[in-house]
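> Pasting a structure here, questions to come.
The values are calculated or read from the model by the stated rules, or taken from the named source; none is laboratory data. Please read all numbers here as calculations on a predicted model, not as lab measurements. As a convention, Cβ positions derive from the backbone with ideal geometry for all residues, glycine included, and neighbour counts pool all protein chains shown.
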Amino acid sequence: MQSRRSFLKLGATGGALLLGGAFPFESLAGSAIHKLTILHTNDVHSRLEPFPLDGSKYQGEGGVAERTSLINSIRKETEHVLLLDAGDIFQGTPYFNLFKGEPEMKAMSLMGYDAATMGNHDFDAGVEGFAKQLVHANFPILTANYDFTATALEGKTQPYKTFKKGAIKVGVFGLGIELKGLVPDDAYGKTVYLEPIQMANRTAERLKKEEKCDFIICLSHLGYHSNGRKVNDLILAKESENIDLIIGGHTHTFLDEPTLLKNKKQKDVIVNQVGWAGIRLGRLDYEFDSKKSSKLTNAQSVIVRKQTRG
Amino acid sequence: MAMATFLNACHKPLFISSHTNQFYTISNRYAADSSMVQMLRPYKIGVDTQMQVVIGYSDVPLTKAQPESTLGNFMADAQLKKAQSIDKKVVGSVVNYGGVRLPYVAPGALTRGKMYELMPFDNVLTIVEMPGSDLRQFCDFMAVRKGWPISGITYVIKDKTAANILVDGLPLNDNIVYKIAMGDYIANGGDNADFIRPLKRKNTGVFIRDAMIEYVEQLQAKNIHLHPNIEKRVKYAE
């Protein structure tokens, strides 16, 4: 009995070794595995320091200096990382009241954010207030459905950006929430809100067909669930065509597991959101290969392994 | 055609084969990165210094107590004043007792930081349109909980219910809709105040803490010290 158990154990290990050993052969056959790691935050709300140790719910959690160490250690382990934020960078601590977003932008630049979108609170110091802080940001602000013509942000944002991560081409674009009724009129001024689903599909199609992206990410500040609004991330996912991943914000939703949905073409879309205040850093690790069949795998049964609390 | 072939040759399409997900909870289990700490230092000094700024004075100790307290009256008054500056039809103000986060503030100088300690949450001042019958229910709700800070409203706690409810000095009328100022936490049904959730409301976008700071600063601008009294806004029936 004893020896049989040992044998089974050995067998399992041997199997794992065999599986591990299979990769180099696949590489030689031209179907190498390409890895991409997505790290993300949303609704950090000027929370630069951890929550004070005052007995409140999130005491001791968050903090950009702590997040920086974590991100740096992940970057050491894995080569191809995209670090993204889904908006509401501003408002929530005295840092914003006093410095109007300057340390928030500097902190994100220091952490090496690749892109962010705008949340409603990013209009709290007006379009001008946000525009003024962009000199401290070394990453682009992506928004495909705000028209900033004739505002202080004209020409200072872009609808999307593409990233080459090894052999993988990634397209990232941003979507913002309807501002009327949510943000004071004079804060957003002449900003024109465009219907997000239409703009999303148009932008994603361009990323897929013209930019030839392998993977398309939407940074959304529409909110996870209805929240009394017409559009949200769940609706966007179902109505979308070429988006693979929606990194959401606005509703401060702590998703322990991302939500897996089918898009208009019955392909998988993942929606994720990590609460607020920089309490959590979200992480998604993707593997890509050049096998056509894997496209079907993606549509039918994406393997979502149980997340581990970190 | 040649162009398309060229583009395809340039970038060989890749497809997702698998993915995994996880999240990290950020805390001091990760060492603070020294370059980030260094970048933040001048801002942190600024914040810490600003929080020590004296915004006004109180002549009396501000004490948290039930059914009525000096600290509670100050907060409810500050909330009412700000709400009335936004909508002059606001007649009353309610602070949830649990939202008052300090038990005691010593008489003397009041710092901005003390206001942050008193109200660390970013609760937003909300004006709720409350039919008289709901306001009566709200007063009963507060009576069961031994009295919450209020302004513009008075009542007597009798057998765990609210009696002799007066709003702006007049007896409560079940058929009038009253505009009552409160935090969004309670307006959204916090502390089991579920009956408030369906009522029409206006989110003012003003943090309650900022309303408190403004109240103290406006008094100080006129060289007036805070001096809240116990006025029998809420008392037990004799």
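> Got a number for residues in the stretch A:124-147 being at pLDDT 95 or above and either surrounded by 20 or more Cβ atoms within 10 Å (Cβ to Cβ) or closer than 21 Å to A:Asn42 by Cβ (or both)?
Qualifying residue count, the stretch A:124-147: 16.
> Just to be sure, is A:His80 at pLDDT 95 or above and over 18 Å from the mean Cα position of the chain (by Cα)?
Spelling it out, it is not the case that A:His80 is at pLDDT 95 or above and over 18 Å from the mean Cα position of the chain (by Cα).
> Pull up the stretch B:180-238, narrow it to residues that are free of Cβ contacts under 8 Å to residues at least 40 places away in the same chain and basic (Lys, Arg), then point me to the one that is nearest to B:Arg136 (Cα to Cα).
So, considering only residues that are free of Cβ contacts under 8 Å to residues at least 40 places away in the same chain and basic (Lys, Arg), the one nearest to B:Arg136 (Cα to Cα) is B:Arg197.
> Another question about this same structure. Across the stretch B:189-204, what is the total count of residues that are out of contact with any Asp or Glu (no Cβ under 9 Å at 6 or more places or on another chain) and either surrounded by 18 or more Cβ atoms within 10 Å (Cβ to Cβ) or not in a loop (DSSP other than H, G, I, E, B) (or both)? Explain how you work it out, then say what you get.
Of the residues in the stretch B:189-204, the ones out of contact with any Asp or Glu (no Cβ under 9 Å at 6 or more places or on another chain) are B:189, B:191-194, B:197-198.
Pick out the ones that are also either surrounded by 18 or more Cβ atoms within 10 Å (Cβ to Cβ) or not in a loop (DSSP other than H, G, I, E, B) (or both) and you get B:191-194.
Matching residues across the stretch B:189-204 total 4.
> Additional query: Let me spell it out: the conditions are (1) assigned to a helix (DSSP H, G or I); (2) at pLDDT below 90, and B:Asp122 meets all of them except one. Which number is the exception?
Failed condition: (1).
> Here is a check on your reading of the model: is B:Phe121 under 17 Å from B:Ala76 (Cα atoms) and within 12 Å of chain A (Cβ to nearest Cβ)?
Answer is yes for this residue.
> Quick check: is even one residue across the stretch B:98-108 at pLDDT 90 or above and surrounded by fewer than 17 Cβ atoms within 10 Å (Cβ to Cβ)?
yes
> Here is a follow-up. Which helices (runs of 4 or more DSSP H) does the stretch A:163-282 wholly contain that include 1 or more residues that are in contact with a Gly (Cβ under 6 Å, 6 or more places away or on another chain) and under 16 Å from A:Asn120 (Cα atoms)?
Correct list: A:185-188, A:233-239.
> Continuing with the same structure: Restricting to the stretch A:158-190, and then to whatever is of a type in the set (Val, Ile, Thr) and within 13 Å of chain B (Cβ to nearest Cβ), can you tell me which residue is surrounded by the fewest Cβ atoms within 10 Å (Cβ to Cβ)? Outline the logic, then answer.
Step one: of the stretch A:158-190, the residues of a type in the set (Val, Ile, Thr) are A:162, A:168, A:170, A:172, A:177, A:183.
Cutting the leftovers down to within 13 Å of chain B (Cβ to nearest Cβ) gives us A:162, A:168, A:170, A:183.
Values: A:Thr162: 14, A:Ile168: 20, A:Val170: 24, A:Val183: 20.
My answer is A:Thr162.
> For the condition within 26 Å of A:Phe96 (Cα to Cα), without any contact (Cβ under 8 Å) to a residue 60 or more places away in the chain and surrounded by fewer than 16 Cβ atoms within 10 Å (Cβ to Cβ), what is the one hit in B:Ile26, B:Ile45?
Every option except B:Ile45 fails the conditions.
> Just the residues that are buried (at least 23 other Cβ atoms within 10 Å of the Cβ) and either of a type in the set (Lys, Arg) or within 10 Å of chain B (Cβ to nearest Cβ) (or both), please, taken from the stretch A:97-110.
If the condition is that a residue be buried (at least 23 other Cβ atoms within 10 Å of the Cβ) and either of a type in the set (Lys, Arg) or within 10 Å of chain B (Cβ to nearest Cβ) (or both), then A:Pro103, A:Glu104, A:Ala107 are the ones that fit.
> Identify, please: which residue in the stretch A:283-310 is modelled with pLDDT of 65 or more and outside any loop (DSSP other than H, G, I, E, B) and is, among those, nearest to B:Phe23 (Cα to Cα)?
It comes out as A:Arg283.
> Please go through the stretch A:202-216 and give me each residue that is more than 13 Å from chain B (Cβ to nearest Cβ) and under 14 Å from B:Ile16 (Cα atoms), ordered by number.
Passing the criteria: none in range.
> Restricting to strands (runs of 3 or more DSSP E) lying wholly in the stretch B:1-95: which have 3 or more residues that are more than 7 Å from chain A (Cβ to nearest Cβ) and not hydroxyl-bearing (Ser, Thr, Tyr)?
Details: elements: B:15-25, B:54-58, B:90-94.
Result: B:54-58, B:90-94.
Okay, residues lined up against (1) more than 10 Å from chain B (Cβ to nearest Cβ); (2) crowded, with 23+ Cβ neighbours inside 10 Å; (3) in contact with a Gly (Cβ under 6 Å, 6 or more places away or on another chain); (4) assigned to a loop (DSSP other than H, G, I, E, B):
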residue: A:Glu49; (1), (2), (3), (4): no, no, yes, yes
residue: A:Glu61; (1), (2), (3), (4): no, no, no, yes
residue: A:Ala65; (1), (2), (3), (4): no, yes, no, no
residue: A:Ser69; (1), (2), (3), (4): no, no, no, no
residue: A:Glu79; (1), (2), (3), (4): yes, no, no, yes
residue: A:Asp88; (1), (2), (3), (4): yes, yes, yes, yes
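> Sticking with this one: Check B:Gly92, B:Gly98 and return the single one that is under 21 Å from B:Lys200 (Cα atoms) and touching an Asp or Glu at 6+ places or on another chain (Cβ under 8 Å).
B:Gly92
> Follow-up question, since we're still on this one. Name the residues in the stretch A:98-125 that are closer than 19 Å to B:Asp210 by Cβ and of a type in the set (Lys, Arg), would you?
The answer is A:Lys100, and nothing else.
> Still on this structure, I have one more. When you scan the stretch B:175-185, do you find a residue that is exposed (fewer than 13 other Cβ atoms within 10 Å of the Cβ), of a type in the set (Lys, Arg) and in contact with an Asp or Glu (Cβ under 8 Å, 6 or more places away or on another chain), even just one?
No.
> To continue, here is another question. Please count how many residues of the stretch A:231-264 are of a type in the set (D, E, K, R) and either touching a residue at least 40 places away in the same chain (Cβ under 8 Å) or within 14 Å of another protein chain (Cβ to nearest Cβ) (or both).
6
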